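No value in this document is a laboratory result; all are computed from the given coordinates. Please read these numbers as outputs of a predicted model, since none were measured by experiment. Using ideal geometry, Cβ is built from the backbone for each residue, glycine included, and neighbour counts are taken over all protein chains shown.
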Amino acid sequence: MKNVDLLRALCDFDQAVTLRASGRAWFLRCWESARFYLFTLIFSQRTELDVPYTPTRSDVVTRAVAALRSFKVLFSSTGNVEILFLVHERARNGVDPYLDMFIQATGRDRAEFAFWGDSRCEDQNGRFGNLEFQSIDAVKFVSKVASIVVAPLFGVVLVPVFFLGSAYLNWKAYKTLVLRFGEAWIAYYLYRYLLKKQGPTFLVMTVSYCNAALCAAAKDLGVIVVELQHGLISPNHIGYCDFKSSLCRPDWFGFFGTDWAPQLPWRCMTFVVGHPAWKEYIQNQVPPAKCPDGFKHVLVISQRSISGSIRAFIEEALRSSDYIFEVKLHPAEDKGNQYEGMGSRVVVHRESLLNDLVSRCAFIVGGYSTLVIELAAKGLLVNVLPVAGVERLPSNVINCNLLETGDDLLPRSSGGDAPKFFEKTDFLAIKNLLQKKMTLDSARSAVNES
């Protein structure tokens, strides 16, 4: 089954569950929280796409220790803040695209802003300064452990769901659903308790579909949930598909640029936040390709869930050409172990600056990735492999050459103008936008009271 067909079938499954649970908000909240992980697992079992990350034993121990250290957050008393920013848990690798800009925009005003996140984000080389940061590892730890305790109860409750989705749910998928369901049920009440203590007006995050229980708790308390775009948005993305239940969706959505708006399949308040790396990736011009050593260097944009297809492409190209492949890893990937043993003509990069890589490569190859769109937006032509996930790319990306078997690579200098996918970021404007909304709400309240 094609990826899009499978996603549409899962949408029908979701609709059947949603209709059956109509009126039971607690069930729908838990279903929305568990759904992303369940559908991701189903995709990984049937396609190459969306391979779930499996933590190592040392990862589990490290997270458990961090959670125990952060238990104080459940008992500490905190003052009210206006804006609560949820730091992306991969920020230890510099991944959260907005964190530094958001800290700059705060003016380090302790009374107005606070930060939540993974304990691995806590130090960040002192970047938080005097701003309040709270680790929420304890919430995740308690909900995961307690989900095992309540699993028998939800195992019975979810039996009708098992029969509704019998075409997709094997034992492993059903176990994932039960555990994630129980985890969401417990996490919702813990987040609700913490949000009541913190009392924010806005909750800002970059990935809502992985934090559905938190979104639900915030929305039920009247907190406005704001999501800032972190990557590709598409109706063919599990996190942004047009699922029927919407208790956990953000109220506001900030895009990289104007032309992303049609990709969001549901209605909410939208605005342009801009691209956080606009100056580095988009504005800066790339010099003409200067391939060292007389070889044709190829920049390959990797992606964890399609690394097998990318490796197969490189292996074939190594046999039939004299190309040198410069592989740019996705932030979610490890140290590039999937490309080990491929020889001296395959060089793996994790920390290298994008423009430095592009400047020495005559060709660019990718699959589905935000970086593909970023490069196309610079007027560079990107050769796109026919791999799982390309259906997620926006249809109006014009600087892409979809490769077929045996096609020659087109040079990167062939591109033209691109749609307005990325605009300059002014995070102070976002701060002002939030403040303006608070002012309007205060004015409406005063009118209503009078």
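Over 22 Å between C-alpha atoms is what I'm after, so list which of K378/K420; K296/K424; K144/K175; K378/K424; K140/K175 land there. Write out the running numbers ahead of the final one.
On the way: K378/K420 11 Å; K296/K424 33 Å; K144/K175 13 Å; K378/K424 13 Å; K140/K175 18 Å.
In this structure, K296/K424 lie more than 22 Å apart at Cα.
Positive end of the charge dipole of region 170-251 (Lys, Arg +1 and Asp, Glu -1 on Cβ, about the Cα centre): tell me which of I238, S208, N170 has its Cα farthest that way.
N170
Would you mind counting up the charge near L195? Only other residues with Cβ under 15 Å from its Cβ, with Lys and Arg at +1 and Asp and Glu at -1. Intermediate results must be reported in sequence, preceding the final value.
Working: positive: R29, R192, K196, K197, K219; negative: E82, E132, D220, D251.
Around L195, the charge tally is +1.
Work out how much length D242 to I148 would gain on full extension: take 0.36 nm times their residue separation and subtract the Cα-Cα distance, in nm to one decimal. Don't skip to the answer; put the middle values down first.
Numbers: separation 94, 0.36 × 94 = 33.84 nm, distance 3.04 nm.
So the chain would gain 30.8 nm between D242 and I148.
Just subtract the alpha-carbon distance of V157 and W26 from 0.36 nm times their residue separation and send over the number in nm, one decimal. Could the numbers behind the result be given before it?
On the way: separation 131, 0.36 × 131 = 47.16 nm, distance 1.25 nm.
Gain on stretching V157 to W26: 45.9 nm.
Could you order the peptides 264-270, 235-241, 135-141, 223-229 from most to least packed, using the average number of other C-beta atoms within 10 Å per residue?
On the way: 264-270: 13.7, 235-241: 19.6, 135-141: 22.3, 223-229: 24.3.
The most tightly packed comes first, giving 223-229, 135-141, 235-241, 264-270.
Which order, highest average first, do 147-157, 382-392 follow once you tally other Cβ atoms within 10 Å for each residue and take the mean per peptide?
Working: 147-157: 14.8, 382-392: 20.6.
So the order, starting with the most tightly packed, is 382-392, 147-157.
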